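These notes are about the structure you will find just below.
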Amino acid sequence: MATYTERLEDLKKNYKLAEKKARVLTLQKMSEEATFWQDPENSGKLMKELSTIKKEIDELEFLELQIMENGEAESKEVETTLGKLELKAYLSGSHDQGDAILAVHSGQGGTEACDWAQMVARMYQRYAEREGFGRASGGRSGDKIDHFKNYGRLRLWLP
């Protein structure tokens, strides 16, 4: 099994850390220009990208500090953080950072199907809360669907 240091180095390669640090500098310079804020839609996208990249860099640097402090001694915290970052690296395709819409419909089946759909919806809602996705809850839309919007990397529409 690979050591924490080896896994961290693999993560740095997969995340293209040097390129991301250069992109942060570029985005920061762009945001300082007077014309940058004249197009709110584009500037919003770029600022979201800047925020995401900074968060990734901070996570990797914090993990590196943890590994330096603990050495190669087994640490549940380091193992958990490494696992999460490795999963993020795996899910780093062009569409993986976009928002998602999840709809849970009971379909046919009466009361039991509606109850089951509500349990599944609640499960996803609790997951989103645990992961820190922002959420705005709404009322009923139509006669069956209660909806919730989750903002961030995931949007959920739940009955």
Per the filter on the range 1-42, residues loosely packed, with under 14 Cβ neighbours inside 10 Å, of a type in the set (A, V, I, L, M, F, W, C) and part of a helix (DSSP H, G or I) are A18, A22, L25, W37
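Check whether at least one residue in the range 75-93 is loosely packed, with under 13 Cβ neighbours inside 10 Å, within 19 Å of K13 (Cβ to Cβ) and at pLDDT 80 or above, and report yes or no. It would help to see each step written out before you state the result.
Here is the first cut: in the range 75-93, the ones loosely packed, with under 13 Cβ neighbours inside 10 Å are 76-77, 79-80, 83-84, 87, 90-91, 93.
Imposing the further condition that a residue be within 19 Å of K13 (Cβ to Cβ) reduces the set to 83-84, 87, 90-91, 93.
Right, trim to at pLDDT 80 or above and you get 83-84.
Yes, some residue in the range 75-93 is loosely packed, with under 13 Cβ neighbours inside 10 Å, within 19 Å of K13 (Cβ to Cβ) and at pLDDT 80 or above.
Just the residues that are among the small types (G, A, S) and farther than 24 Å from K84 by Cα, please, taken from the range 23-56. Break it down stepwise before answering.
Narrowing the range 23-56 to residues among the small types (G, A, S): 31, 34, 43-44, 51.
Once the filter is applied, which keeps residues that are among the small types (G, A, S) and farther than 24 Å from K84 by Cα, the range 23-56 yields S31, A34, S43, G44.
Could you tell me whether the range 47-66 includes any residue that is without any contact (Cβ under 8 Å) to a residue 60 or more places away in the chain, among the hydroxyl-bearing types (S, T, Y) and not in a helix (DSSP H, G or I)? Give the steps one after another, and end with the answer.
Let us first name the residues in the range 47-66 that are without any contact (Cβ under 8 Å) to a residue 60 or more places away in the chain, namely 47-66.
From what's left, among the hydroxyl-bearing types (S, T, Y): 51-52.
If we keep only those that are not in a helix (DSSP H, G or I) as well, we get none.
There is no residue in the range 47-66 that is without any contact (Cβ under 8 Å) to a residue 60 or more places away in the chain, among the hydroxyl-bearing types (S, T, Y) and not in a helix (DSSP H, G or I).
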Inspect the range 132-149 for any residue being surrounded by 12 or more Cβ atoms within 10 Å (Cβ to Cβ) and modelled with pLDDT of 60 or more and give the result as yes or no.
yes
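The values are calculated or read from the model by the stated rules, or taken from the named source; none is laboratory data. All of these numbers come straight from a predicted model, not from anything done at the bench. Because the Cβ atoms are built from the backbone with ideal geometry, glycine has one as well, and the counts that use them run over all protein chains shown.
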